[in-house]
Amino acid sequence: MKLDADTLAAAAQRIGITSEELGEFARRGTSVAYAAGDYLFHESAPRQWLGVVMEGEVELLRGQRGRSVTIGVAQPGAILGEAVMLDDSAHGASGVTRRGATIWQVSRAEVEKVRTERPEVFYKLVAQVARRLSDRLRAASERIAGETGVAPMTSVRKEHDSLGEREVPNHAYYGVQTVRAIENFPFSGIHVSHYEHFVRALACVKKACAKANAELGVLDAKVATAIEKACDEILAGKLHDQFRVDMIQGGAGTSTNMCANEVIANRALEILGHAKGDYAHCHPNDHVNCSQSTNDAYPTAIKLGVWFTLRDTLAGLRELQAALAAKAAAFADVIKMGRTENQDAVPMTLGQEFSAYAVMIGDGIRHLEHAGNELLETNMGATAIGTGLNSPAGYAPLCTNYLAEISGAPVRLAENLVEATQDSGEFALMSSAMKVAAVQLSKICNDLRWLSSGPRCGLYEIRLPAMQPGSSIMPGKVNPVVPEVVSQICFQIIGNDVTVSMASEASELELNMAEPIIAFNLFFGLTLLRNAAVVLASRCIAGIEPNRERCREYVQNSIGLVTALNPVLGYEKSAAIAKEALKTGGSVYDLVIAKGWLSKARLDELLKPEAMTHPRLTR
């Protein structure tokens, strides 16, 4: 696909330059197509290109720690990555296309060529870019002031539950049970609102329940419609700040479920024309929680929210896999020494080493995909213990079908709702798959640190990109900080699995009370794993360079070459050569020649490193 004149003109007009001037950049670019769900770039990753949106839309998201905020949508003609012209700073937001997009991209290297060859055009565009960034900064400041300004001081309303009456701030959409939960569970400081996919999953569940209840005649259509509209607002990103309950809580998730019920009920009341807290018209329990229990709504929302989060994690891991595969291809001709138990083994290529890493990440992806599919079996309609008490006939399959339609996830109803309500096996399986991915990822980071060790007194077979000074006392020292932090993240995920295993085992009789800590560790771990993959790919793997000379030097001086002589000389003679070479410092090659055991031509054939990197049997 070519960049047409209309799109180029629209982009030039947005920036404030002529089509001809922008064309100086555009002619150096190429069309890149992205599939639905693809990330074009990630927050904190280095900028690599200047782009123009040709088709589709790109959503710009800010936030990497479980909750992101949409700060803009780039439509055809919009410019992306302009700051690549100013400096080498990282992206301040992530770009994702929900339905696919095509971008005309000009690489950083080509942008630099324009700077050199056509400085008058380059700096005119730089001036316009600076003006646009200033406008964006002002707009962002105004938005922040409007959204997160001083908390309002309002009157209060009185609400009651079975324990008595409490005051609730009138500006709050949550209610009395959330007030109690905020007071009772001041533990992690990480609220349900921190994980946007969890909040959206709760809204999906409540909307599906309202639609099923209305269709079966147990919920007034007008009330159901208001509940659905309130859920739609939450799905659009509104009211998330009202989910203020700590992720770690007692009560098997009742506080989270009731927070959702209260927020949705109070927004539905406003939609119906009533005041917040006027529950006679829309009640958190009687209407929003109709035909439900925390014991089916909460675990279903966890599963759905984890599935949403998993999609982001898998996208990050696929980017890492692709980066490793690219290096495997680039390093295919780099001969190096393989090692077992940190001792010289036999020659291989650096490409083979990185190819193995790409396969490892692929295995982790496969395990996570399998675990994610198992999570899609839900117990909606089970109500308290799986018997479906207080739900109408046909409710469970109808609600599940609506949940699939609303969420876009292929959820299915569990065969046995009593089992599904008490068994946390799917959560343990997901945590285990995360642990496996973390173990493999940390092993790769271990190797990257070993292979880059030095530079003078270590292996130094690869060079990692320098990210920051490494010591407050040793000048010039640069540490492998990205592999180091990724390994630490992996340790955390591995430890999380112990918690999830114990919490899954904690199920007793018809319910597991420990689902909140399971939810926290799954959401937290998947978010860490995704960010680790993205940072490792963009800030480490992409910039790795081979030290070809050092790699070949190790091979030429290695005693491990003697392994290739086993089929010809036999194990005993080969071992003797190895022992003598190690003792005298001589080379395997010279010792065999000196003993007259093989001719030079034959030895050259046997000990050619390139011939030792694939299956070969010599007699």
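Only one entry of ALA210, ALA275, ALA221 meets the criterion of being crowded, with 24+ Cβ neighbours inside 10 Å and farther than 30 Å from SER504 by Cβ, and that entry is ALA210.
Within region 326-342, is there a residue that is hydroxyl-bearing (Ser, Thr, Tyr) and open to solvent by less than 60 Å² (accessible area, probe 1.4 Å)? It would help to see each step written out before you state the result.
So in region 326-342, the residues hydroxyl-bearing (Ser, Thr, Tyr) come out as 340.
From what's left, open to solvent by less than 60 Å² (accessible area, probe 1.4 Å): none.
Among the residues of region 326-342, not one is hydroxyl-bearing (Ser, Thr, Tyr) and open to solvent by less than 60 Å² (accessible area, probe 1.4 Å), which makes the answer no.
Apart from one condition, GLU215 fits all of (1) under 32 Å from the mean Cα position of the chain (by Cα); (2) of a type outside the set (Ser, Thr, Tyr); (3) closer than 30 Å to ALA393 by Cα; the exception is (1). Scan region 523-545 and give yes if some residue there is surrounded by 15 or more Cβ atoms within 10 Å (Cβ to Cβ) and assigned to a loop (DSSP other than H, G, I, E, B), otherwise no. Yes, region 523-545 contains at least one residue that is surrounded by 15 or more Cβ atoms within 10 Å (Cβ to Cβ) and assigned to a loop (DSSP other than H, G, I, E, B).
Table: residues versus (1) in contact with a helix residue (DSSP H, G or I) (Cβ under 9 Å, 6 or more places away or on another chain); (2) hydrophobic (A, V, I, L, M, F, W, C); (3) modelled with pLDDT under 95.
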site: LEU272; (1), (2), (3): yes, yes, no
site: ALA280; (1), (2), (3): no, yes, no
site: PRO284; (1), (2), (3): yes, no, no
site: VAL306; (1), (2), (3): yes, yes, no
site: LEU310; (1), (2), (3): yes, yes, no
site: ALA322; (1), (2), (3): yes, yes, no
site: LYS327; (1), (2), (3): yes, no, no
site: PHE331; (1), (2), (3): yes, yes, no
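Which one is farthest from GLN105 (Cα to Cα), of the residues in region 71-88 that are in contact (Cβ under 8 Å) with a residue 24 or more places away in the chain and hydrophobic (A, V, I, L, M, F, W, C)? Per the stated criteria, the residue is ILE71.
Assess whether ARG311 counts as being in contact (Cβ under 8 Å) with a residue 60 or more places away in the chain, assigned to a helix (DSSP H, G or I) and surrounded by fewer than 18 Cβ atoms within 10 Å (Cβ to Cβ). First the steps, then the outcome.
On the way: in contact (Cβ under 8 Å) with a residue 60 or more places away in the chain: yes; assigned to a helix (DSSP H, G or I): yes; surrounded by fewer than 18 Cβ atoms within 10 Å (Cβ to Cβ): yes.
So ARG311 fits the description; yes.
Comparison of GLY72, GLY51, GLY63, GLY56 shows that the only residue that is under 30 Å from GLU120 (Cα atoms) and surrounded by 15 or more Cβ atoms within 10 Å (Cβ to Cβ) is GLY51.
Only residues that are open to solvent by less than 100 Å² (accessible area, probe 1.4 Å) and either more than 27 Å from the chain's Cα centre (by Cα) or free of Cβ contacts under 8 Å to residues at least 24 places away in the same chain (or both): list them for region 475-484, please. Spell out the reasoning first.
First, the residues of region 475-484 that are open to solvent by less than 100 Å² (accessible area, probe 1.4 Å): 476-484.
Residues satisfying the conditions are GLY476, LYS477, VAL478, ASN479, VAL481.
Checked against (1) open to solvent by less than 30 Å² (accessible area, probe 1.4 Å); (2) touching a Leu at 6+ places or on another chain (Cβ under 7 Å); (3) not charged (D, E, K, R), HIS42 passes all but a single condition, namely (2).
Taking the condition in contact with a Phe, Trp or Tyr (Cβ under 9 Å, 6 or more places away or on another chain), in a helix (DSSP H, G or I) and small (Gly, Ala, Ser), does ALA564 pass? So that I can check it myself, show each step before the final result.
Values: in contact with a Phe, Trp or Tyr (Cβ under 9 Å, 6 or more places away or on another chain): no; in a helix (DSSP H, G or I): yes; small (Gly, Ala, Ser): yes.
No: the conditions fail for ALA564.
Quick one: in region 1-39, of everything that is of a type in the set (Phe, Trp, Tyr) and farther than 22 Å from ARG132 by Cβ, which residue is surrounded by the most Cβ atoms within 10 Å (Cβ to Cβ)? Across region 1-39, the extreme among qualifying residues is TYR39. Looking across region 236-257, the residues that are open to solvent by 10 Å² or more (accessible area, probe 1.4 Å), outside any loop (DSSP other than H, G, I, E, B) and within 20 Å of GLN292 (Cα to Cα) come down to THR254, SER255. Could you tell me whether region 563-575 includes any residue that is open to solvent by 50 Å² or more (accessible area, probe 1.4 Å) and of a type in the set (S, T, N, Q)? Looking for residues that are open to solvent by 50 Å² or more (accessible area, probe 1.4 Å) and of a type in the set (S, T, N, Q), one finds at least one in region 563-575, hence yes.
Taking (1) touching a residue at least 12 places away in the same chain (Cβ under 8 Å); (2) in a helix (DSSP H, G or I) in turn, ALA214 satisfies each apart from (1). Residue by residue through region 314-366, note down the ones that are among the hydroxyl-bearing types (Ser, Thr, Tyr) and either in contact with a Ser or Thr (Cβ under 8 Å, 6 or more places away or on another chain) or not in a helix (DSSP H, G or I) (or both). Listed by number, the residues that qualify are THR340, THR349.
Do we find that VAL84 is farther than 26 Å from ILE489 by Cα, touching a Gly at 6+ places or on another chain (Cβ under 6 Å), open to solvent by less than 10 Å² (accessible area, probe 1.4 Å) and not polar (S, T, N, Q) in this structure?
On the way: farther than 26 Å from ILE489 by Cα: yes; touching a Gly at 6+ places or on another chain (Cβ under 6 Å): no; open to solvent by less than 10 Å² (accessible area, probe 1.4 Å): yes; not polar (S, T, N, Q): yes.
So VAL84 does not fit the description; no.
Here's a check for you: in region 387-416, which residue that is among the hydrophobic types (A, V, I, L, M, F, W, C), touching a residue at least 24 places away in the same chain (Cβ under 8 Å) and in a helix (DSSP H, G or I) is surrounded by the most Cβ atoms within 10 Å (Cβ to Cβ)? The qualifying residue surrounded by the most Cβ atoms within 10 Å (Cβ to Cβ) is CYS399. For ILE518, are the conditions met, namely being more than 28 Å from SER558 (Cβ to Cβ) and either touching a Leu at 6+ places or on another chain (Cβ under 6 Å) or surrounded by fewer than 21 Cβ atoms within 10 Å (Cβ to Cβ) (or both)? So ILE518 does not fit the description; no. Only a single item in (1) surrounded by 10 or more Cβ atoms within 10 Å (Cβ to Cβ); (2) hydroxyl-bearing (Ser, Thr, Tyr); (3) at pLDDT 90 or above is not met by SER162, and it is number (1). Cβ separations smaller than 7 Å between residues 6+ apart or across chains give no pair from region 272-301 residues that are without any contact (Cβ under 8 Å) to a residue 40 or more places away in the chain and at positive phi to residues that are open to solvent by less than 20 Å² (accessible area, probe 1.4 Å) and not charged (D, E, K, R).
The values are calculated or read from the model by the stated rules, or taken from the named source; none is laboratory data. These numbers were taken from a predicted model, which means no experiment stands behind them. A quick note on method: Cβ atoms are made from the backbone with ideal geometry, for glycine too, and the neighbour counts reach across all protein chains shown. Just the protein is used for accessible areas: all its heavy atoms, side chains included, with ligands, DNA and RNA removed. Shrake-Rupley method; radii C 1.70, N 1.55, O 1.52, S 1.80 Å.
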